[in-house]
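Data block below; observations after.
The values are calculated or read from the model by the stated rules, or taken from the named source; none is laboratory data. From a predicted model like this one, the values you see are computed outputs, not experimental measurements. Cβ sites come from the backbone with ideal geometry, for glycine too, and all protein chains shown count toward neighbours.
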Amino acid sequence: MKNITRPSALQAKPFARGNSRAATRRAPAPEFGDGVRPRSPYGVPMTTAPKDLKVWQEAVALAGDVVKAMRAANRREIRALADRVMETALRIPVDVADGYVCPDAEAQRRHFRAARQALGQLETELAVVRQAGVISAPAAAQLAGRSAQTARLLQGYLLYVERQIEGTAARAG
């Protein structure tokens, strides 16, 4: 016989916290039926959004720094160049986010490679902009350091995805 006088774990439970109104709380529902978060093969919980990826965070910070530097130096004579540099910087976190949401490793690799290509293009454009005197040497050095950190993280993600592809090919063949 089922006891209906006691609320189940998933029903709302009232509790008072020093005031006259009773608030309600619900027991957390399991995420996948068994209460286990999805995990990567290495035992680390998988991220739930691109913003949780360190490479995405670094790419966004790099793009923000580039936009700040180029906006400060944005004159009418170089507006097209500044716009191009800023657009290239913005492409990097977008490609990382697109790669993250792809369901298969091949598509992820394509997007992460596109982000790496955009990063190489950005480094070249920043070198030209620095050589032309549009941005200062300290600003260029800061952007180069952030770019190098983003490149290291991106290369790590690419290696991880390529190992997944090789593992899938080895199991299939």
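Any residue that is under 28 Å from residue 167 (Cβ atoms) and free of Cβ contacts under 8 Å to residues at least 24 places away in the same chain - is there at least one of those in the range 56-73? Checking the range 56-73: at least one residue is under 28 Å from residue 167 (Cβ atoms) and free of Cβ contacts under 8 Å to residues at least 24 places away in the same chain. The test for being surrounded by fewer than 19 Cβ atoms within 10 Å (Cβ to Cβ) and at pLDDT 95 or above holds for residue 121. When the criteria are applied in full, residue 127 fails the requirement of being under 18 Å from the mean Cα position of the chain (by Cα), assigned to a helix (DSSP H, G or I), among the hydrophobic types (A, V, I, L, M, F, W, C) and surrounded by fewer than 19 Cβ atoms within 10 Å (Cβ to Cβ).
Within the range 149-164, not a single residue is of a type in the set (Asp, Glu) and under 13 Å from residue 66 (Cβ atoms).
When residues in the range 65-94 are screened for being over 23 Å from residue 148 (Cβ atoms) and either among the basic types (Lys, Arg) or in contact with a Cys (Cβ under 6 Å, 6 or more places away or on another chain) (or both), 3 of them pass. Residues in the range 79-108 that are of a type in the set (Asp, Glu) and over 16 Å from residue 60 (Cβ atoms) were compared, and the one that is farthest from the chain's Cα centre (by Cα) is 83.
Taking first residues from the range 97-124 that are assigned to a helix (DSSP H, G or I) and partners that are crowded, with 17+ Cβ neighbours inside 10 Å and charged (D, E, K, R), the Cβ contacts under 6 Å between residues at least 6 apart in sequence or on separate chains come to 111/95; 111/98; 114/95; 115/95; 118/91.
Which of the numbered conditions does residue 133 fail, given that it passes all the others? Conditions: (1) of a type in the set (Gly, Ala, Ser); (2) in contact (Cβ under 8 Å) with a residue 24 or more places away in the chain; (3) not in a helix (DSSP H, G or I). Answer for residue 133: the failing condition is (2). For the range 54-83, a tally of residues being among the acidic types (Asp, Glu) and under 20 Å from residue 112 (Cβ atoms) returns 1.
This table checks each residue for (1) at pLDDT below 95; (2) not hydrophobic (A, V, I, L, M, F, W, C).
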position: 67; (1), (2): no, no
position: 75; (1), (2): yes, yes
position: 86; (1), (2): no, no
position: 90; (1), (2): no, no
position: 102; (1), (2): yes, no
position: 114; (1), (2): no, no
position: 134; (1), (2): yes, no
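Number of residues in the range 130-163 that are over 19 Å from residue 61 (Cβ atoms) and under 19 Å from the mean Cα position of the chain (by Cα) equals 5. A Cβ distance below 8 Å, combined with a sequence gap of six or more or placement on separate chains, defines the contacts here; from the range 159-173, residues that are in a helix (DSSP H, G or I) reach residues that are surrounded by 11 or more Cβ atoms within 10 Å (Cβ to Cβ) and of a type in the set (A, V, I, L, M, F, W, C) in the pairs 161/105; 161/112; 164/105; 165/105; 168/105.
Scanning the range 130-154 for residues that are surrounded by 14 or more Cβ atoms within 10 Å (Cβ to Cβ) and either under 15 Å from residue 99 (Cα atoms) or of a type outside the set (Gly, Ala, Ser) (or both) gives 130, 134, 135, 142, 143, 146, 149, 150, 153, 154.
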